[in-house]
Amino acid sequence: MQERCWICGSDILPEDNFCRKCGVELISAEKEHRADRRLTEANRQAPVGIFLITVGAIVGLLSYFMAIVPMLAFGLASFLIGIMVLYLPESRGSIAGRLATDSSLPSLLNIEKLLEDLDLDERGIYIPASGLGVCPKVFVPLAQTPATERPPLGLGGSRRIFVTVGKNPEDRGILLDAPGGQILFALENSLRADLAKVELGNLGTDLNSAFESLGIAKVTTLEHQDTTITIEMKLTALLELEERLRNLAPRLVAQVGTPIASALAAAVSKATGKYVKFKNAVLQVPEKKLTINLKLSE
């Protein structure tokens with residue numbers, strides 16, 4: 001059953017959380033229930049906070065004038081706890097995460113429009129690179145040919161978007177900066193190491209340490225079998241961005257990767273020195289679980 005967006009009037013599907021045209025968040029009964037529940041919790045906390053602040057102020061002032069030190073300490077403690085009860089829940093709402101989502105969406109949607117306008121259906125190929133702070137480029141081929149399967153390593157230093165990698169007309173494609181380039185840079189800064197020099201057997205542990213230090217995610221597993229690498233992680237940030245991109249930019253998600261998935265693909269490409277493609281990236285929103293399957297090629 002289709003409904004219509006309350007902003008632009010375009011058709012929406014039952015599984016959509018955001019409008020595919022204008023990007024506005026769609027309000028479902030479940031979300032309304034969660035919002036009502038948060039409002040109820042806030043309404044419960046406000047009287048408690050005000051009560052503690054009032055009692056703390058009165059007891060603190062009386063104790064000060066009466067020179068009763070233990071009661072003065074009790075009054076100050078109640079006053080401070082009351083302030084924490086009032087203001088800490090609001091700061092817990094991840095304002096930074098929302099700002100990161102809103103600021104990065106336009107550039108990611110531009111990549112989605114480029115893929116759509118050029119009707120590119122092939123998956124992007126992460127080109128191996130090395131060097132601290134150097135992120136692999138992503139080559140999205142026009143068609144799958146022997147030349148486009150292994151784009152030249154020299155493309156890593158190119159500033160062009162439209163590139164030719166062979167002698168035939170179909171040996172062409174677009175060259176993109178990886179959406180996860182900044183995350184990869186932050187990961188390497190956290191580790192103080194070039195991931196091209198990290199052994200694949202240690203990559204899972206190192207990535208987990210770096211992602212946790214950045215407060216983004218916890219890498220639970222990294223498994224390598226033949227030419228496939230599977231990475232599972234539990235997100236602690238950027239969940240909204242991952243969810244919105246699956247509605248607004250399905251080509252980007254499947255062919256190039258979201259910022260977190262792209263950073264992982266780039267990290268694997270650097271650590272293995274191999275070309276990397278996405279097989280799939282599955283997001284389980286309730287569990288905040290992201291599972292990524294990558295394909296390696298020489």
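At-a-glance table
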{"quantity": "Filter result (small (Gly, Ala, Ser), surrounded by 15 or more Cβ atoms within 10 Å (Cβ to Cβ) and outside any loop (DSSP other than H, G, I, E, B)) within the stretch 143-180", "calculated": "Ala147, Gly156, Gly173"}
{"quantity": "Filter result (in contact with a Gly (Cβ under 8 Å, 6 or more places away or on another chain) and modelled with pLDDT under 95) within the stretch 264-298", "calculated": "Phe278, Ala281"}
{"quantity": "Number of the exception - Arg123 against (1) in a loop (DSSP other than H, G, I, E, B); (2) modelled with pLDDT under 95; (3) surrounded by 17 or more Cβ atoms within 10 Å (Cβ to Cβ)", "calculated": "(2)"}
{"quantity": "Test for Gly173: is it at pLDDT below 95 and in the same structural domain as Val268 (by TED's automatic domain parsing)", "calculated": "no"}
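The values are calculated or read from the model by the stated rules, or taken from the named source; none is laboratory data. The structure displayed is predicted, hence computed values, not measured ones. Ideal geometry is used to build each Cβ from the backbone, glycine not excepted, and the neighbour counts take in all protein chains shown.
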